[in-house]
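Inspection log for the structure reproduced underneath, given as structure tokens.
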There are 2 protein chains.
Amino acid sequence: MAAHTVTVEHTLSKLLQEKRYAAIRDVLATMNPADIAAVFNEVQSEQRPLLFRLLPKELAAETFVEMDPETQEQLIHGFSDSELHEVVDELYVDDAVDIVEEMPANVVKRILAQVSPGMRKEINEILQYPENSTGSIMTTEYISLRPDMTVTQAFERITRTGVDKETIYTCYVTKERQLLGLVTVKDLLLCPDKSTKIEDLMNPNVITVTTLTDQEETARKLSKYNFLAMPVVDSDGRMVGIVTFDDAMDVLQEEVTEDIEIMGGMTPSDKTYMRSSPVDLFRHRIPWLLLLMVSATFTGMIITNFENALAAQVVLTAFIPMLMDTGGNSGSQSSVTVIRAISLGEVDFRDLAAVVWKEIRSSVMCGIALACACFGKIMLIDRLLLHNTDVTVTVALVVCCTMVLTVMVAEMIGCTLPIIAKKLGFDPAVMASPFITTIVDAVSLLLYFGIATLLLFR
Amino acid sequence: MAAHTVTVEHTLSKLLQEKRYAAIRDVLATMNPADIAAVFNEVQSEQRPLLFRLLPKELAAETFVEMDPETQEQLIHGFSDSELHEVVDELYVDDAVDIVEEMPANVVKRILAQVSPGMRKEINEILQYPENSTGSIMTTEYISLRPDMTVTQAFERITRTGVDKETIYTCYVTKERQLLGLVTVKDLLLCPDKSTKIEDLMNPNVITVTTLTDQEETARKLSKYNFLAMPVVDSDGRMVGIVTFDDAMDVLQEEVTEDIEIMGGMTPSDKTYMRSSPVDLFRHRIPWLLLLMVSATFTGMIITNFENALAAQVVLTAFIPMLMDTGGNSGSQSSVTVIRAISLGEVDFRDLAAVVWKEIRSSVMCGIALACACFGKIMLIDRLLLHNTDVTVTVALVVCCTMVLTVMVAEMIGCTLPIIAKKLGFDPAVMASPFITTIVDAVSLLLYFGIATLLLFR
């Protein structure tokens, strides 16, 4: 027998109704912030303020950060100024910025009134960086050490200031705000002589990004070098903040979701699927659908142009979907592969010739294999099995020649368009399957009718 | 004027030719392991062994781990046993496993002969976990503390054993190998009273995964909770290893690439794009192309069935590509969105009804908007501008009704198939655009001819 599954939301709701507050505290204390936040998003909104007040103080801010913006906003509306102060005072700068970015103006005002003047200044600075820049996701709370400190002094500094820092494990050695090197807590702990100077222990080969570096590039760099945090410098090379690995992971996930949405022919959305309304879905989908419908009209016009030929040889019509689909599929295969390779930083404009040459060879193989299979299928099934006498060897040849050429052209278009788009400053993901399909459809029909005219209608 | 770009590979090659070894050492010492490994992959293979011997000892193993398998294999062939010993002795267990997995049997034998018996046992154990399981990517080198230790004793233990551990910042408190809780170096450093017992400082709410948990699930959990490392337990709840954030990031990237490849209608590949030969590309692409070509035949058969109707009203043929493409595009929009939501753990089988209801409402909006645009376009462009007298109001109505129904059916199929595939234990990504397109093509044609028969051929 399957166990009766009781969700923790259900349990907590019940306990709230029965006013068993001590029990609620005990349950919450066993949970992680991310899981508690999920409970807040699920429970009835009128239960949230009470539940929040029952949270152990040290968990409150961490949990608040993980909640949906709607839940956060509703809670803030219910907070007194001093309650709000208690929460925002505990936030890391980058988390505070994330929240401020999602809130309406009046809530932002209340939040900024409750933070310390120093933090307010930092929040405002970070808010000014362009969207998707590294500056907009960094935090200014890192540990900096002076080069002439000893290991013992470094530990004192970490212990004194560490509680408010997002990571203490990588410390940055600066002099007049210039970044000289970095030293890890592991280096400090394993250093046998605690009077060693930091400048003798530090690694002076630092990899940095600037506040204006694209956030995806920063995340990829962090991942490449396996860093816990990536130091961020301003245009004068002064250290201004760090991006931590957990934020980098989130950036990579968001960018991938955006790429996938664009590749699927949608404008990217900030909201997750379950939080998107049907109207949201409609708004993100209809522009591309309309655009692609209009461009598919050209395909229709090509067919109209050859209406007479088709009326004379209606059997040709039956192969149109197969040719169009196969062209679209091979085009989308190469475009998707190349788009991903571009995202991963593996392919750029300099590789264009190498990519094209690779795709030509692969497409010849695919085209010939498909044409052979197709020829066999037409002769065996359509002609012998279904006794369709309209399907002559010449018709089969027309179809197969079109197949080879279509696959070659499709892979060619599929691999070059994303690279060119990237070079021109567009998002390569736009050049994925829906877009490629529309172009390849027109090309495959033109090839089809061209070859048919040559072989059938002379 | 653009600066003349000299790559560091070029510089190092030159220095090698001129035998300026001291300069090479100095250059390498300024670089990160990931960048040095890139140089090794680029330089001529006969230069690699000499270059490797010039690497500062502490960088050698870290750099080796980051190289391409081909480069690693070539270097190992050139190593003496003692050189091989020096490198493998410095490796973390999980990195050693990664290398062993890529090497041919004779190289594996040489490697295993050079590692310590304890590490050999651990490598063999990890090698036995199924592919894609958490066990296969974990490392067994973590720091464990006893609950009755004091903070001072914990620091002593970390200092003594930390040098060989992949992360020292999260320590695991175990008793008879059962995981009781965790404590971070931050907790230890910030604890004012160094005689505090670990059991009083530790966080007993631990989130764990098992050795058999899917590696993607483990990586997602780590990202959700912002962990530096995720503890792994065996089926009896005994702690056996950890997965660190950098490996989790790599897993997430690999899984996404795999999803994107499958969504693009390819079998997933282990090799990166630039390292894939045309034959590799062919082998990963042709199975789906053949399968989809065969299924597109059904679409052709539907057209053959309605050949007489089409011969009487050839104008209908011109709208086939537009209807098929729009159907395919809306189907792929919803399938791609839902597949991504499934990957992110946002949607599962329980949400089927909610998803369908959301998609029905969105598809009605999309369908009606498209139909209106299409009706306007047909009447204005085809009829008024191009004077195509075959295009009657009835034909336009047939096209537009088909449009609404096709979009609805396409979104329905697009959102349900991935969820059902997941439930049946298949990869939902298989149900993306190429597959959906083929089904939707057939459906849209059937609807088209059905509606045409009703309205035109009575």
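Readers should treat all values here as calculations from the given coordinates under stated rules, not as data from a laboratory. Please read all numbers here as calculations on a predicted model, not as lab measurements. A quick note on method: Cβ atoms are made from the backbone with ideal geometry, for glycine too, and the neighbour counts reach across all protein chains shown.
A few points about this structure:
- Convex hull volume per residue in cubic angstrom - Cα atoms of the protein assembly as shown: 219
- Unit charges on C-beta of K, R, D, E only; dipole of segment B:372-458, Debye: 140
- Under 17 Å from a label point set 7 Å out along the Cα-to-Cβ vector of A:ARG157, the amide N atoms of segment A:216-240 belong to A:231-232, A:238-240.
- Net charge of Cβ neighbours under 12 Å - reference B:GLY367; Lys, Arg +1; Asp, Glu -1: 0
- Model label zone, B:THR394; criterion: amide N under 20 Å from point 7 Å along Cα-to-beta-carbon; scope segment B:437-458: B:446-458
- With coordinates expressed along the principal axes, the C-alpha atoms belonging to segment A:38-113 extend over 27, 24, 21 Å, beginning with the largest.
- Between identical copies, the spacing of B:ASN205 label points, each set 7 Å from Cα toward the C-beta atom, reads 4.2 nm from nearest to farthest.
- Here B:LYS19 and A:MET301 are evaluated by their C-beta separation; at R0 = 60 Å the FRET efficiency comes out at 0.30.
- Positive dipole terminus of the protein assembly as shown, leading residue within A:MET408, A:ILE439, B:ILE378 (C-beta point charges): B:ILE378
- Pairs of Cα atoms nearer than 8 Å and 6+ residues apart set the relative contact order; for segment A:8-131 it is 21 percent.
- Cross-link pairs B:LYS121/B:LYS175; A:LYS165/A:LYS224; A:LYS271/B:LYS358 - those with Cα-Cα distance over 18 Å: B:LYS121/B:LYS175; A:LYS165/A:LYS224
- Percent RCO, i.e. relative contact order, over chain B, from Cα pairs under 8 Å lying at least 6 residues apart: 11
- Our estimate of slack between A:GLU46 and A:LEU385, defined as 0.36 nm per intervening residue step minus the Cα-Cα distance, is 115.1 nm.
- Of the GluC sites (Glu not before Pro) in segment B:13-93, the ones in a loop by DSSP (not H, G, I, E or B) with at most 12 other beta carbons within 10 Å are B:GLU18.
- nm² value of the averaged projected area, convex hull over the Cα atoms of segment A:276-455: 12.6
- Membrane-span-like helices in chain B (whole DSSP H runs, Cα extent of at least 24 Å along the helix axis, mean Kyte-Doolittle hydropathy of at least 1.6): B:393-423, B:433-455.
- A simple spin-label model places pseudo-atoms 7 Å from Cα toward Cβ; at B:ASP26 and B:SER235 they are separated by 6.0 nm.
- Nm distances between copies for B:TRP357, ranked from closest, using label points 7 Å along Cα→Cβ: 5.8
- Additional length obtainable on full extension of the chain from A:LEU455 to A:HIS85, 0.36 nm per residue less Cα span: 125.1 nm
- Kirkwood hydrodynamic radius of segment A:144-262, Cα pairs, Å: 15.2
- Across chain A, the longest piece that holds none of the chymotrypsin sites (Phe, Trp or Tyr not before Pro) lying in DSSP loops with up to 14 other C-beta atoms within 10 Å covers A:1-425.
- Helical mean residue ellipticity (222 nm; -39500 (n - 2.57) per DSSP H run of 4+; nearest 500) of chain B: -20500 deg cm²/dmol
- Here is how far apart the A:MET301 label points are across copies: 3.6 nm, shortest first, using a point 7 Å from Cα toward Cβ.
- Segment B:143-216: GluC sites (Glu not before Pro) in DSSP loop, at most 10 other beta carbons within 10 Å: B:GLU176
- A simple spin-label model places the labels of B:HIS10 and A:ARG110 6.1 nm from each other, with each point 7 Å out along Cα-to-Cβ.
- Gain in span if fully extended, A:ASP214 to A:GLN178, counting 0.36 nm per residue against the direct Cα distance: 10.8 nm
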